[in-house]
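Right, one structure below, let's go through it.
The values are calculated or read from the model by the stated rules, or taken from the named source; none is laboratory data. Computed from a predicted structure; not experimentally measured. Here the Cβ positions follow ideal geometry from the backbone for every residue, glycine too, while neighbour counts run over all protein chains shown. Areas reflect the complete protein model, heavy atoms only, side chains present, ligands, DNA and RNA absent. Shrake-Rupley method; radii C 1.70, N 1.55, O 1.52, S 1.80 Å.
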Amino acid sequence: MIDLNKLAEIFASGSCDIESVYRLVIQPKSILRDFKTVKHGFLFIIRGEARMCVNGTAYELLPGSVFHAAPGMQLNSQVIGQSEFEYYSLFYRLDKIGDENRGHECDSHFKLEPGTNPRVIELLILLHQNAHTLGGIGKLRVKELFLSIVYQVLVGCRYRESGSFPSKRVIEEAIAYINGHYMNPLTLDELANLHAMSPKRFSYFFHKYTGFRPIDYVIHYRMERASELLKAGQFPIRDIAVSVGYANPLYFSRVFKNKFGVSPSAYAHNLEHHK
């Protein structure tokens, strides 16, 4: 069984170049015999079903399956059933792998089952569209999309391994992310995507574990930090507002009053009065 953390570590610490990205639609009952792989690559299955045999190991590929192979492997495949088999193939090159990762996961063949994820499909479409973009900025965009896909796939696998319900650790990670990024614009879609869930599912489990809806928790945490800043000294309200993620100080004051029952200026005045 593939070690998800080791696989993540390879892509996090190594240098990789995306060499090519293809979208293919294979007709029913098509057969590929004795194909020899020459590069590292992933297949992301979109629809249909196929059976693939690599160096004697058989794999069933279904929508949502992610298959990986390395150079020099013998591959046979056959489309099963009456449906077309659609997939994206992505070939990459890994450089600068430390000695501790020699003979690593990327030199093997394996299948991952993260489940179907609309976000992964969306990212694959963008990657396919941007694959031939020229220049440093274009290459950076391609790498960003690739690493986002890898992240979504590995997080999806981890959730499936822990059962149909996200573990408490996943929600704790979401809380830690909010606590570290509360000063930035945060949306439910962004938070859900980071944890490879639909917004509805993410909101349900976040509320189940914390008692807050995700954006309600963001507001709660921002207001707690704002109250700390008010206690700390004579900071202008507009600076405190920006520091906790609100460009509009009037909107910040309204949210603050909703939380504490008084405006930020009255809150600060009360603190001063009780010193």
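Here is a yes/no grid of residues against (1) touching a residue at least 24 places away in the same chain (Cβ under 8 Å); (2) in contact with a strand residue (DSSP E or B) (Cβ under 7 Å, 6 or more places away or on another chain); (3) not β-branched (Val, Ile, Thr):
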| site | (1), (2), (3) |
| --- | --- |
| ASN5 | no, no, yes |
| ILE18 | yes, yes, no |
| LYS36 | yes, yes, yes |
| LYS39 | yes, yes, yes |
| ILE45 | yes, yes, no |
| ALA70 | yes, yes, yes |
| SER77 | yes, yes, yes |
| ILE80 | yes, yes, no |
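Restrict the check to the range 51-60 and report whether at least one residue is surrounded by 16 or more Cβ atoms within 10 Å (Cβ to Cβ) and among the aliphatic types (A, V, I, L, M). Steps first, please.
As a first pass, look at the range 51-60 and keep what is surrounded by 16 or more Cβ atoms within 10 Å (Cβ to Cβ): 52, 54, 59.
Next, only the ones that are among the aliphatic types (A, V, I, L, M) stay: 52, 54.
Within the range 51-60 (the criterion being surrounded by 16 or more Cβ atoms within 10 Å (Cβ to Cβ) and among the aliphatic types (A, V, I, L, M)), the answer is yes, since at least one residue qualifies.
No other residue among TYR209, TYR246, TYR159, TYR221 is in contact (Cβ under 8 Å) with a residue 24 or more places away in the chain, in a helix (DSSP H, G or I) and more than 30 Å from LEU7 (Cβ to Cβ) apart from TYR221.
Annotation: TYR251 fulfils all but one of (1) at pLDDT below 95; (2) assigned to a helix (DSSP H, G or I); the unmet one is (1). Quick check on my filter: what residues within the range 68-78 are open to solvent by less than 10 Å² (accessible area, probe 1.4 Å) and in contact with a Phe, Trp or Tyr (Cβ under 6 Å, 6 or more places away or on another chain)? Result: HIS68, single match. As a summary of the residue check, ASP216 satisfies the conditions (1) closer than 27 Å to GLU173 by Cβ; (2) assigned to a helix (DSSP H, G or I); (3) in contact (Cβ under 8 Å) with a residue 12 or more places away in the chain except for the one numbered (3). For GLN152, the conditions (1) at pLDDT 90 or above; (2) polar (S, T, N, Q); (3) in the same structural domain as SER20 (by the TED database); (4) out of contact with any Gly (no Cβ under 8 Å at 6 or more places or on another chain) are fulfilled apart from (1). Of the residues LEU140, LEU154, which is within 24 Å of GLY115 (Cβ to Cβ) and aliphatic (A, V, I, L, M)? Going through LEU140, LEU154 in turn, the sole match is LEU154.
The residues of the range 224-243 that are outside any helix (DSSP H, G or I) and open to solvent by 100 Å² or more (accessible area, probe 1.4 Å), listed by number, are GLN234, PHE235.
The strands (runs of 3 or more DSSP E) found entirely in the range 1-93 include none that carry 3 or more residues being outside the structural domain of GLU122 (by the TED database) and not charged (D, E, K, R).
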